[in-house]
Amino acid sequence: MIMMGHFALLVFLAFASMQLLCIAADHDAAIFYDSFEEPFNGRWIVSDKDDYKGIWEHSKSEGHDDYGLLVTEKARKYAIVKELEEPVNLRDGTTVLQYEARFQNGLECGGAYLKYLRPQEAGWKPKEFDNGSPYSIMFGPDICGLTNKVHFILKQKNPKSGEYVEHHLIDPPRVPSDKLSHVYTAILKPDNEISILIDGEVKKKGNFLSAQDFDPPIIPAKTIPDPNEKKPEDWDDRVRIPDPNAVKPDDWDENAPMEIEDMEAVKPEGWLDDESEEIDDPEATKPEDWDDEEDGVWEAPKIDNPKCQTASGCGEWKRPMKRNPAFKGIWNPPLVDNPNYKGIWKPRDIPNPNYFELDKPYFDPIAAIGIEIWTMQEGILFDNILIAKDENVAESYRDTTWKPKFVVEKEKQKAEEEAAGSDDLGGFQKTVFDVLYKFADIPFLSKYKLQILDFIEKAEKQPNLTIGVLVSIVVVILTAIFMLIFSGKKQQPRVEKKTEVAADTSNDQGSSGEKPAEEEKEEEKENETGGAAPRQRRRDT
């Protein structure tokens, strides 16, 4: 038995030694790796720019002895950068970008993405690192409002125009909605394939040169609409127009009011004409320190008239209003087909002066790694940042640095759910959410995608709403199917193009089109009082 125990111990030591050797070998294979086990001061440089007041902290991940780089305050801008010993050439072979991020307080409103910066010759300095510093790739999770995605953005120089253009991966993965550690991996392959992995699982694949995978496409369109061509002044693109031969009927009264008094209405019995709805409070007395000259004439505060509580009404009775059967509103001539309709005008296509062809994207080399975010939440932890040329090296790091932590966190989460008596429901909810996310990606539901994702996001934040949200999404899906089936059976109506053009609100800054707050409040008052001004009460002492 003693010999067997020694043998087992030797086997364990041998296995542990092999693991250590494998980790050491992976460290040698990595181009860059930072575990943040040591303080970042002296290795990472914090920006001195005035806007970036967020404080970084060398901190343990909650529940572990493993350290990371922590965002400590809400509503702050953060910027920190680490220069590489040598720039990394992304055009040679496979390149793997990988790191861990954890939203320790759950998803609220914050970014946890990295920027892989071009060499300083491009025009930036570590102490002046900010959102304008030139990067080659931006990668990682970002969530706030309707934004919920794991970004992958390639910034490439157009060889014809000389301008750098951001190319965004289309339909990137969503950010995991929990407080656990997650590892994000981007694999850039020499055959132009791009893969995005979350926790080692492929969530998105694309091709750098495909117009279906990047917006705008990395290779521009061969032709563009001629920017100098203008629509002819005599071009009529109105499908239907008011009938010029139509005449307003003689009996059409545009001045007839929408509502009139109901002459058949009778005053209810028990109506107290001589009583007011409010009376002076008989128990109120003038304060002893009241000065009529300084405070004005004192008036007792008003209370509801108790006599009106048992009566059918008080004050002057007025007949209620009813809809006027003679009301027709403003007369407009009916619409008819426009005999001069020429169709929708568009400029002719011309060769794109900025068109070019590539066998593979033009990647600028990576000379530094930066974190530049503006977050409304604290508790975001970065860890185990890796750049490698081998997918197996990245997988090994995931297995040795991320997975053990994730297993512990999942077990703790499961125990908490079981303690709360919601384990079965939580598992059911996760299954429902996974299915619904897949539904949201169905092509014929693309029109409703944002609406479905918004429903799911609300349910994830409030698990008790899962069933109701599921019903809502089923209704949306059935509506889409119904419209898809019956739209093919009905003749498409001819669309009228209004001659008046609405103001363009699609500028870069965005426009909600909402009314000023003062107008909204005024409308609320009118709705609550039926359009009449509320009764003004005297000052209540």
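The values are calculated or read from the model by the stated rules, or taken from the named source; none is laboratory data. Bear in mind the structure is a predicted one, so any value in this text is a computation, not a measurement. In this analysis, Cβ positions are derived from the backbone assuming ideal geometry, glycine residues included, and neighbour counts consider all displayed protein chains. Just the protein is used for accessible areas: all its heavy atoms, side chains included, with ligands, DNA and RNA removed. Shrake-Rupley method; radii C 1.70, N 1.55, O 1.52, S 1.80 Å.
Brief remarks on what is shown
- For segment 28-136: rounded, prolate or oblate by the Cα gyration tensor [a/c cutoff 1.5]: oblate
- Among 178-186, 309-317, 225-233, the order from most to least packed when residues are scored by Cβ within 10 Å on average: 178-186, 309-317, 225-233
- At an R0 of 45 angstrom, the distance between the Cβ atoms of Arg323 and Arg240 translates into a FRET efficiency of 0.90.
- Ranked by how many other beta carbons lie within 10 Å on average, peptides 152-160, 90-98, 33-41, 234-242 from highest: 90-98, 152-160, 33-41, 234-242
- Segment Lys74..Val407, full-extension length gain: 117.0 nm, with 0.36 nm per residue of separation and the alpha-carbon distance subtracted.
- Think of segment 269-317 as having a plus end and a minus end, set by charges on the Cβ of Lys, Arg, Asp and Glu; of Trp298, Gly270, Pro287, Gly270 sits farthest toward the positive end of this dipole.
- Segment 343-388 shape via C-alpha gyration tensor axes, a/c threshold 1.5: oblate
- Solvent-accessible area per residue for segment 64-197 (1.4 angstrom probe, square angstrom): 38
- Rounded if a/c under 1.5, otherwise prolate or oblate - segment 88-241, Cα gyration tensor axes: prolate
- For segment 281-334: accessible area per residue (Å², 1.4 Å): 77
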